[in-house]
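The values are calculated or read from the model by the stated rules, or taken from the named source; none is laboratory data. Just so it is clear, the structure is predicted and the values come from calculations on it, not from any experiment. Don't worry about glycine lacking a Cβ; one is built from the backbone with ideal geometry, like all the others, and counts go over all protein chains shown.
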Amino acid sequence: MIIVRYGEIGLKSPQTRRVMEQRLVENIKTVVGGKPIRRERGRIYVESGSREDAERVARVFGVVSTSVAVKTTSDAETLISDAVIQAKKVIDEETKFAVRARRKGSHPYKSMEIAGMIGAEIKDATGAAVDLTNPDVTIHVEIRDKAAYIFHEIISGVGGMPLGTQGRVVALVSGGIDSPVAAWMMMKRGVEIVALFMDCRPLVDDRTIDRAMDAVRVLSKWTNKPVKTIVAPYGEALMEFLKYGDHKLGCVLCKRLMLRVAEKVAESEGALGVVTGDSLGQVASQTLQNMNTIETGVDLPVFRPLIGMDKTEIISLARTVGSYETSVQPANCCLGPPLHPETGATVSKVKHAEDVLDMDVLVKETLENLKTLEVYHVEG
């Protein structure tokens, strides 16, 4: 038996909680296959004794923790006997241990009382010492009405909200360190993503798209299903930017076109916003003034989950996500910013440049050649 615990879902209104619990159960099913699952308030139970299943479930967004447990009854004699049997599997005379009990419902004993009785029997059976402050092993007993569950390990979960409960967004994914992390952070809050990769070929080689697809595959490990991915051919438009006289505006013009393409993709996909990996002040195009000017090119919300994070924090999260090793692979994904990039672009100056470049045509041509993929991680 796997005990699945969730957090903030339990704080929602009854109607919202039911919807989110049901979605969480559906998402867990994609991990454990046809194994039976049942719900109780505050808990979900999976009929599996596999630690591997427990670890997989812990990676489902919305899950706070999991434990592989043995189910028994709340009858004191039976519970104590079964707890001793389970404890002897992980405790010997060299082990310091503690027993923690919690209850839901009415029982002829208090939580501290049953914990003390179980602890005394385990001590007699194993010769182990009790240490409530710094135990080597903690035997947990969770009593819920007529049932009880015994376990000794709590596997931390990813937390967040069940994927698919908060709508959909288009995530610009380049394959670099930042963008997969930004997409993952939205997924953690229950948002489904459609990945959009701006393909700069022939100005770059195939390593760029390969790295980006690998990053999306990492994200698909967290969804346990394919991630819809749209590839937008961007090389021709980028060459036009490079020809433009005011090279300082290159980064801003590039980002504005990306957002305009992303907005059109979002409209066709029923998405409610666009996600980018921008972090304030990290590179030339990510000053507050530039981001404000870039965003005026679209009407949909632009979400920037990394906005207040520094690079060290983002790298740490990338390691958690599992995308870091992929993102640091060599790939010439950018021709490089201008020597002196504009850090305070104004809307009027950018619109003048877009008129000269005929930006509407560049956007239209990019949208006419989109390619749609289903990207999925395959174990091994």
query = Out of all the residues in segment 284-300, which are touching a residue at least 12 places away in the same chain (Cβ under 8 Å), closer than 25 Å to ASP310 by Cα and buried (at least 22 other Cβ atoms within 10 Å of the Cβ)?
reply = SER285, ASN290, THR293, ILE294
ask   = What is the residue count in segment 10-48 for residues that are of a type outside the set (Val, Ile, Thr), more than 18 Å from ALA58 (Cα to Cα) and within 21 Å of the chain's Cα centre (by Cα)?
value = 3
Criterion (farther than 21 Å from THR229 by Cβ and either of a type in the set (D, E, K, R) or touching a helix residue (DSSP H, G or I) at 6+ places or on another chain (Cβ under 9 Å) (or both)) met by exactly one of LEU288, LEU280 = LEU280
request  = Scan segment 67-80 for residues that are surrounded by 17 or more Cβ atoms within 10 Å (Cβ to Cβ), of a type in the set (Ser, Thr, Tyr) and part of a strand (DSSP E or B) and jot them down.
outcome  = SER67, THR72
inquiry  = Quick check on my filter: what residues within segment 350-380 are not in a helix (DSSP H, G or I) and not polar (S, T, N, Q)?
reply    = ASP358, GLU368, LEU370, LYS371, LEU373, GLU374, VAL375, TYR376, HIS377, VAL378, GLU379, GLY380
The listed residue being assigned to a helix (DSSP H, G or I) and modelled with pLDDT of 95 or more, out of VAL90, VAL64, VAL99, VAL57 = VAL57
ask   = Looking at (1) in contact with a helix residue (DSSP H, G or I) (Cβ under 6 Å, 6 or more places away or on another chain); (2) assigned to a helix (DSSP H, G or I); (3) among the polar types (S, T, N, Q), which is the one condition that is false for THR229?
value = (2)
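Residue-wise test of (1) surrounded by 14 or more Cβ atoms within 10 Å (Cβ to Cβ); (2) under 30 Å from ASP214 (Cα atoms); (3) out of contact with any Lys or Arg (no Cβ under 8 Å at 6 or more places or on another chain).
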residue: HIS340; (1), (2), (3): no, no, no
residue: THR343; (1), (2), (3): yes, no, yes
residue: ALA353; (1), (2), (3): yes, no, yes
residue: LYS364; (1), (2), (3): no, yes, yes
residue: ASN369; (1), (2), (3): no, yes, yes
residue: THR372; (1), (2), (3): no, yes, no
residue: VAL375; (1), (2), (3): yes, yes, no
remark   = Selection from segment 212-232 of residues at pLDDT 95 or above and among the hydroxyl-bearing types (Ser, Thr, Tyr) yields SER220, THR229
